[in-house]
Amino acid sequence: MRIIYNIADAKANLLGRTPLELQEVSPGLKLKVREAFGEDLTLQEVVGRIVAEVRARGDRALFDYGKRIDGVKLAALEVRPKEIAQARSKVGSELLSALDLAAQRIKSFHLNCKRQSWVDFAEGGLGQWIRPLEKVGIYVPGGRASYPSTVLMTAIPARVAGVSEIIVTTPPGQDGVSPATLVAAELAEVDRVFKIGGAQAIAALAFGTQTVPRVDKICGPGNIFVQLAKRMVYGIVDVDGFYGPTETIILADESANPAICAADLLAQAEHDVLASAILITTSAELAVRVNQEVEKQLVELDRQEIIAASLGSKGGIVVVDDMEQAAELINDYAPEHLSLMVKDAWSCAEKIRNAGGIFIGEDSPEVVGDYVAGPSHVMPTGGTARFGSPLTVDDFLKVTSVIAIDGKALRAIGPAAANIAKAEGLDAHARAVKIRLTRRIRKRK
């Protein structure tokens, strides 16, 4: 890994970002696009074409793209309830137990987060009604790999919120949807599962097809095609956010364990060649030792090619002067994950304003947060932690303002409303207040 001692260099390179739509497309992906569509297209053009075709042709387009893009000839789009029921017998007992523990902890965490409706009747009635969305679509990455944890981390908050119908779409492999994903769907009380991936899944959820119901909101991570599709349909449906490659910053001082720091960097880089795994430290000695540990541990890992590519292009170590400088860099970068391996980690955490999740202390590895801690692992990426939040039960709730003003309150605040309306040149607004006030004066007479 490269070690950077110049802060300006770190900001310009390692801690710089490329917007989602401007990310470089690999030659392999360009070739796949040409094979699937018979011509060279930008990623935005690909997604636009898929979204338009699904909107126009519905299920026929979904079957077509399943074969053309995913290489899977589907007999049906929906996973049968029988398949979900049989999935448990295909999953080992240890994994079943782990998924069940994760489901319990995620549910418990989000039950504590749920907001309640309230109405203050002091002036007749002012408040908020907090109500769940009716239908939610959840995208779960799949195909060659399976991510049952993502099912739990998205569907359980939706169920806790009280969503009426939860629909999962996930790209199938040659043998269909992975049994572990189906078990997770059962644990999370998902209503329906569809074997659809990519931009076509997002379009189906946004517009509805003959088989797939239209939803109110789409949630979940996915590749660049999924994220671009979410951008295109936003406004027709709501979305939780736009997620880029995963990212972690580890902040460590001289007290940190180099082997643990290295293990966490490697775990993050394992996700994807575009994943960002970065160490910021006040100790030049630790920087060197962590770098040595990365090289030592890397040769023992199965996905070492992916990890090496990630660390070579997106990873690195930044040596800073002090914790204040480190906090400034972190707040400016706004990482998805921040791991604090420093003395007095709680005090350090209070200096961080922008991060999706903060993992405090050596015994709080990000990996535990990915699976079983409780909060959702769907977190803001690409610097959106400056204004965004992790997925929570709030993502599946909507607020209706309740306004019930009594006569006494109207006499007290109505004239102010009329005056503001007049100042804005809206005479009818002012009249709507004045006619009520005049009527009440006449009634009292």
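The values are calculated or read from the model by the stated rules, or taken from the named source; none is laboratory data. Since the model is a prediction, treat every value here as computed from it, not as a measurement. Glycine gets a Cβ as well: all are built from the backbone with ideal geometry, and neighbour counts include every protein chain shown.
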Seminar exercise, completed: Note on SER255: of the conditions (1) outside the structural domain of TRP346 (by TED's automatic domain parsing); (2) part of a loop (DSSP other than H, G, I, E, B), unmet is (1)
For this session: Take segment 14-33 and flag every residue that is farther than 18 Å from ASN223 by Cα and either touching a Pro at 6+ places or on another chain (Cβ under 7 Å) or modelled with pLDDT under 90 (or both).
Result: GLY16
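One line per residue, one yes/no per condition, for (1) surrounded by fewer than 24 Cβ atoms within 10 Å (Cβ to Cβ); (2) under 13 Å from GLY137 (Cβ atoms); (3) in the same structural domain as GLU94 (by TED's automatic domain parsing):
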{"site": "ASP175", "(1), (2), (3)": "yes, no, yes"}
{"site": "THR181", "(1), (2), (3)": "no, no, yes"}
{"site": "ALA188", "(1), (2), (3)": "no, no, yes"}
{"site": "ALA199", "(1), (2), (3)": "no, no, yes"}
{"site": "ILE202", "(1), (2), (3)": "no, yes, yes"}
{"site": "LEU205", "(1), (2), (3)": "no, yes, yes"}
Exercise. Is one or more of the residues making up segment 413-422 in contact with a helix residue (DSSP H, G or I) (Cβ under 9 Å, 6 or more places away or on another chain) and closer than 30 Å to LEU101 by Cβ?
Worked result: no
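Scan segment 220-230 and give yes if some residue there is assigned to a strand (DSSP E or B) and buried (at least 24 other Cβ atoms within 10 Å of the Cβ), otherwise no.
Looking only at segment 220-230, we keep the residues that are assigned to a strand (DSSP E or B), and these are none.
Looking for residues that are assigned to a strand (DSSP E or B) and buried (at least 24 other Cβ atoms within 10 Å of the Cβ), one finds none in segment 220-230, hence no.
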Exercise. Can you pull out the residues in segment 96-116 that are surrounded by 13 or more Cβ atoms within 10 Å (Cβ to Cβ) and either under 25 Å from ILE196 (Cα atoms) or among the hydroxyl-bearing types (Ser, Thr, Tyr) (or both)?
Worked result: LEU96, LEU99, ALA103
For this session: Determine the pairs where a residue that is in contact (Cβ under 8 Å) with a residue 12 or more places away in the chain, located within segment 333-344, has a partner that is of a type in the set (Phe, Trp, Tyr) with Cβ atoms under 8 Å apart, the partner being 6 or more residues away or on another chain.
Result: HIS337/PHE359; LEU338/PHE359; SER339/PHE359; LEU340/PHE359
Seminar exercise, completed: Residue pairs qualifying under the 6 Å Cβ cut-off, at least six apart or on distinct chains, with the first in segment 413-435 being touching a residue at least 24 places away in the same chain (Cβ under 8 Å) and the second being surrounded by fewer than 14 Cβ atoms within 10 Å (Cβ to Cβ), are none
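Restricting attention to strands (runs of 3 or more DSSP E) lying wholly within segment 102-181, give those where 2 or more residues are touching a residue at least 24 places away in the same chain (Cβ under 8 Å). Can you show your working first?
Details: elements: 118-120, 126-132, 135-139, 165-169.
Ranges flagged: 126-132, 135-139, 165-169.
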Problem set entry | All positions within segment 232-250 that are assigned to a loop (DSSP other than H, G, I, E, B) and of a type in the set (A, V, I, L, M) | ILE236
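Residues are listed down the side, and each one gets a yes or a no for (1) outside the structural domain of ALA252 (by TED's automatic domain parsing); (2) aromatic (Phe, Trp, Tyr); (3) surrounded by fewer than 19 Cβ atoms within 10 Å (Cβ to Cβ):
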position: VAL319; (1), (2), (3): no, no, no
position: GLN325; (1), (2), (3): no, no, yes
position: GLU328; (1), (2), (3): no, no, yes
position: TYR333; (1), (2), (3): no, yes, no
position: VAL367; (1), (2), (3): no, no, yes
position: PHE387; (1), (2), (3): yes, yes, yes
position: PHE396; (1), (2), (3): yes, yes, no
position: LEU410; (1), (2), (3): yes, no, yes
position: ASP427; (1), (2), (3): yes, no, yes
Seminar exercise, completed: Checked segment 50-60 for anything surrounded by fewer than 16 Cβ atoms within 10 Å (Cβ to Cβ) and within 21 Å of ASN223 (Cα to Cα); matches are ALA52
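Looking at ALA229, ALA263, can you tell me which residue is more than 24 Å from ASP363 (Cα to Cα), modelled with pLDDT of 95 or more and among the aliphatic types (A, V, I, L, M)? Outline the logic, then answer.
Values: ALA263 fails: more than 24 Å from ASP363 (Cα to Cα).
Matching residue, one of ALA229, ALA263: ALA229.
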Problem set entry | Per-region count, segment 360-401, residues in contact with a His (Cβ under 7 Å, 6 or more places away or on another chain) and farther than 19 Å from ALA161 by Cα | 3
Exercise. Here is a list of conditions, (1) more than 24 Å from the chain's Cα centre (by Cα); (2) free of Cβ contacts under 8 Å to residues at least 12 places away in the same chain; (3) not in a helix (DSSP H, G or I), and LEU74 meets all of them except one; can you say which number that is?
Worked result: (2)
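Name the one entry in ILE278, ILE260 that is in the same structural domain as ILE317 (by TED's automatic domain parsing), outside any helix (DSSP H, G or I) and in contact with a strand residue (DSSP E or B) (Cβ under 8 Å, 6 or more places away or on another chain). Reasoning before the result, please.
On the way: ILE260 fails: outside any helix (DSSP H, G or I).
Of ILE278, ILE260, the one residue that is in the same structural domain as ILE317 (by TED's automatic domain parsing), outside any helix (DSSP H, G or I) and in contact with a strand residue (DSSP E or B) (Cβ under 8 Å, 6 or more places away or on another chain) is ILE278.
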Exercise. Which one is farthest from the chain's Cα centre (by Cα) among residues in segment 186-202 that are closer than 28 Å to ARG57 by Cα and assigned to a helix (DSSP H, G or I)?
Worked result: GLN200
For this session: Determine whether segment 64-80 contains at least one residue that is loosely packed, with under 14 Cβ neighbours inside 10 Å, of a type outside the set (A, V, I, L, M) and at pLDDT 95 or above.
Result: no
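Among the strands (runs of 3 or more DSSP E) confined wholly to segment 303-360, which include 1 or more residues that are under 24 Å from the mean Cα position of the chain (by Cα) and closer than 15 Å to ILE280 by Cβ?
Working: elements: 316-319, 337-341, 357-360.
Answer list for segment 303-360: 337-341, 357-360.
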